[in-house]
1. Averaged over its residues, how many other protein chain Cβ atoms are within 10 Å of peptide A:44-53's Cβ atoms?
2. Could you tell me what percent of the DSSP beta bridges with both partners in region B:6-298 are antiparallel, to the nearest 5?
3. To two decimal places, what compactness ratio does region A:192-249 give when its Cα radius of gyration is scaled by 2.2 N^0.38 Å?
4. Averaging over every viewing direction, what projected area does the convex hull of the Cα atoms of region B:161-308 cover, in nm²?
5. May I have the convex hull volume per residue, in Å³, for the Cα set of region A:111-216?
6. Between Rg and the Kirkwood Rh of the protein assembly as shown, both from Cα atoms, what is the Rg to Rh ratio?
7. State, as an integer percentage, the relative contact order of chain A based on alpha-carbon contacts under 8 Å between residues 6 or more apart.
8. Please give the length that would be gained between residue B:212 and residue B:105 if that part of the chain were fully extended, namely 0.36 nm times their separation in residues minus their C-alpha to C-alpha distance (nm, one decimal).
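Only the coordinates and a few stated rules stand behind these numbers; no lab work does. The model shown is predicted, which means the values in this text are computed figures rather than measured ones. Neighbour counts are summed over all protein chains in view; Cβ atoms, including those assigned to glycine, are modelled from backbone coordinates with ideal geometry.
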């Protein structure tokens, strides 16, 4: 069990990785040394930044380097992410983490990461760690259109994995969804992160093929540490459970998959 | 360091800065992030007689200068609070004071929670939530003068511990409700709870919040909180705890000058868990700069030109 810390972290590098997606690296050794794939941080600009949206935003940890760097994939959705996307090297961000339950990787199965859109973020970290451990890991990454695709060269650089790209309109990579035409003959462990309809489809796929599936979910989040109880998802037992501390990674069987 | 202590509710608070109910869980969640035993204290997440499942998502959303929430008072209920949460507070908070926030569907529910907790150790007293706008029955007590008087006097008969009533801002004259609580035997007041509010997703033409409406908190409500604290404090002689949008020493001092003896920091914790420590340091810096020896000298020390 890790204890989250609160720390100001210097922005070291930002780069545009697609039309509305950024890759941001910060110097954050106290969180980097504890972080595990699937965990997240809250990123904000602090109490005195009156121009900023008030609350910090949750981000999956996308990379952790030995020198204490953390990397985040940030897609602009609204005012909060817009503000954070505007940081430049030398700025400081307030970071709270590492937070949440990480992925539990199967010791013997190959790993197949199913990434929808910005749901790619945790799999950059998963891919890099699995590759470092000489594991068999695949990243299947889907976007609606080519202009949204996170720079494949950057994916290769961060993870060492050649992504299996899909776009819904076929403008880059294979045409289709991340669950289409998957080779599951080696009975892999499935990990998924993306929009709810995609996660439901992944849960259905895992059930049909009797494969283990862990999903990383997202809800509006207030505190990130379990106090505000804002970020709940419905469990298979019909209870509202917190995605920040009980998740964000769940075994798919722990959740209710209502359509 | 300036002397930040305050004497009220029969004890000494080492600092006037408390954590607001609903923003600090049961303390343990923030143990690695906030030096809990170095602040004034905390008010727990609401405790009800039975566990509450809470509302469907979205439960929180940001709004300019603040946030809106409709959690639905999800909590573990009295038995699990006593068994799992209170022991941690008892063991870990030696100097900071603990108030337990109590909520109920009915007067009997509130009474059962207070009776169930009263002989336990590890807390100072109660903050009675009569004002949460999220749960239909809860709104009755805070806006219904007779129900409020009956509730507070009923609880007064059950406990010798400090009884603080958390007022709703959603009344025409908060002074009337403050006096009702004082006359019914309350030892203090918290002013204020969240304001009712609503956000609409115009693309989907649906409410953003699963519960449709929720409570608005954060810096946006600071001026209303300061005003209502000033009105409530003027109406009673029992101490008032100021709440609403505090994120700096200067914000806290506005409440204190308006008449608050203590303050609570809530939404700012989500922005930065160091907020309560920053607020404390800001108050101390102000006292040093203005050569104020005792914090009590600042309580209600507002001067209004032409009305001295």
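1. Counting other chains' Cβ atoms within 10 Å and averaging over A:44-53 gives 4.
2. Values: 17 of 45 bridges.
Percentage antiparallel, nearest 5: 40.
3. Numbers: Rg = 12.3 Å, N = 58, 2.2 N^0.38 = 10.3 Å.
Normalised by 2.2 N^0.38 Å, the Cα Rg of region A:192-249 equals 1.19.
4. Numbers: hull surface 46.6 nm².
The Cα convex hull of region B:161-308, projected and averaged over all directions, gives 11.6 nm².
5. On the way: hull volume 9.1 nm³, N = 106.
That works out to 86 Å³ per residue.
6. Values: Rg = 25.0 Å, Rh = 24.8 Å.
Rg divided by Rh gives 1.01.
7. Values: 596 pairs, mean separation 46.1, N = 259.
Value for chain A: 18 percent.
8. Working: separation 107, 0.36 × 107 = 38.52 nm, distance 2.02 nm.
Roughly 36.5 nm would be gained on extension.
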